[in-house]
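Engineer: Before I ask anything, let me first share the structure, which is written out below as structure tokens.
The values are calculated or read from the model by the stated rules, or taken from the named source; none is laboratory data. These numbers were taken from a predicted model, which means no experiment stands behind them. Note that each Cβ is placed from the backbone with ideal geometry, even for glycine, and that neighbours are counted across all protein chains shown.
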Amino acid sequence: MKVYAAPFEKFVNLADARLGTRALSVTDDWFADVNRLFQPTSAVWKEGVFDDNGKWMDGWESRRKRFEGFDSTVIRLGVPGTVKGVDIDTSFFTGNFPPSASLEACFLAAGDPTEQTQWFELLSAVELQGNSHHYHAISHDQPISHLRFNIYPDGGVARLRVYGIPYRDWASVAADEQLDLTSALNGGRALACSDEHYGSMSNLLNPGRGVNMGDGWETARRRTPGNDWVIVALGHAGVVEQVVVDTLHFKGNYPDSCSIQAAFVKGGTDSQIETQSLFWRELLPSQKLQMHQEHSFAEQIKALGPITHIRLNVFPDGGVSRLRVLGKVAR
């Protein structure tokens, strides 16, 4: 099993470029583009690579400040959400990292911040070190849509991860509207899995199709009896009408078959749900899979009524690029 540096890393990274996160403005990004902060991959070092402005760095880097003040960027999250923790990553920034940083936030149902927008402090100024991860748990129950990331006074940060639970106004969803109940954009969240040696379980729920084999969920080769699995919490209770299992890019390492169990769960911790999942009812009976292909199942779906969680079983192991569970919201 993957070991997480902080418990909140299991939540969705709301500041992921794949979800649509981008910087709306920045005071200065002379040396390195501010939008590199949101790349899903780990920062890299390119020895001896320079551009017109200096050494190429994988992150956001401003110029050396020669006057009063500090640098900042205003960020629109691809999906609003409640924040559980952040990671300010200064990987490869050694003599050019900011001594400290802070985060402000706001929630706007529509549009972007203006001069009249009221910001509140999400993370007070914290000390930073070079070439390090800085994990900070956050307890704030209200959703946010935008961030203002401040670095004091200047310097470079490789990545900004903002982990939390996506938010959606479910009252605005029509009763007859079909949507992907597991999509990260709709609040879907991967809770637990048997193994994620090669690819993160949360990749299954990202929008669009996978860009490569690394942009999916892949387990190590199983050498013991059994099968691999992943448990996903739907963004909202719903009635399932169709399931899509996509093995795009997985050719010599796709699962032989898959099945899905489901349940309507009332309360319980993630660890308790993992144990309960052994006894969930069958939503999708075992289905053969093919390499590098999108598989759609509708007639095979069993009528279980409203559900809140699913467990995707893959036999015996392998990789899946995306999982879609399409249905209507249960009121």
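Engineer: Just give me the residues in region 82-113 being among the aliphatic types (A, V, I, L, M), in a loop (DSSP other than H, G, I, E, B) and without any contact (Cβ under 8 Å) to a residue 60 or more places away in the chain, in sequence order.
Structural biologist: Selection gives 108, 110.
Engineer: How many of the residues in region 35-53 are more than 17 Å from residue 13 (Cα to Cα) and either in contact (Cβ under 8 Å) with a residue 24 or more places away in the chain or part of a loop (DSSP other than H, G, I, E, B) (or both)?
Structural biologist: The number of residues fulfilling the criteria is 8.
Engineer: Can residue 129 be described as over 19 Å from the mean Cα position of the chain (by Cα) and of a type outside the set (Asp, Glu)?
Structural biologist: yes
Engineer: Then there's this: Is it true that some residue in region 114-130 is among the hydroxyl-bearing types (Ser, Thr, Tyr), assigned to a loop (DSSP other than H, G, I, E, B), at negative phi and touching a Leu at 6+ places or on another chain (Cβ under 8 Å)?
Structural biologist: Yes, there is a match, as at least one residue in region 114-130 is among the hydroxyl-bearing types (Ser, Thr, Tyr), assigned to a loop (DSSP other than H, G, I, E, B), at negative phi and touching a Leu at 6+ places or on another chain (Cβ under 8 Å).
Engineer: Would you pick out the residues in region 54-71 that are not in a strand (DSSP E or B) and not hydroxyl-bearing (Ser, Thr, Tyr)?
Structural biologist: 56, 57, 58, 59, 63, 64, 65, 66, 67, 68, 69, 70
Engineer: Report, by residue number, each residue of region 73-101 that is basic (Lys, Arg) and surrounded by 21 or more Cβ atoms within 10 Å (Cβ to Cβ).
Structural biologist: Once the filter is applied, which keeps residues that are basic (Lys, Arg) and surrounded by 21 or more Cβ atoms within 10 Å (Cβ to Cβ), region 73-101 yields only 84.
Engineer: When only residues in region 194-208 that are of a type outside the set (S, T, N, Q) and either in contact with a helix residue (DSSP H, G or I) (Cβ under 8 Å, 6 or more places away or on another chain) or in a helix (DSSP H, G or I) (or both) count, which is surrounded by the fewest Cβ atoms within 10 Å (Cβ to Cβ)?
Structural biologist: Looking at residues that are of a type outside the set (S, T, N, Q) and either in contact with a helix residue (DSSP H, G or I) (Cβ under 8 Å, 6 or more places away or on another chain) or in a helix (DSSP H, G or I) (or both), I get 208.
Engineer: Please name all residue pairs, on different chains or six or more residues apart, with Cβ atoms under 7 Å, provided the first residue is in region 3-28 and is farther than 17 Å from residue 39 by Cα and the second residue is at pLDDT below 95 and crowded, with 17+ Cβ neighbours inside 10 Å.
Structural biologist: 4/10
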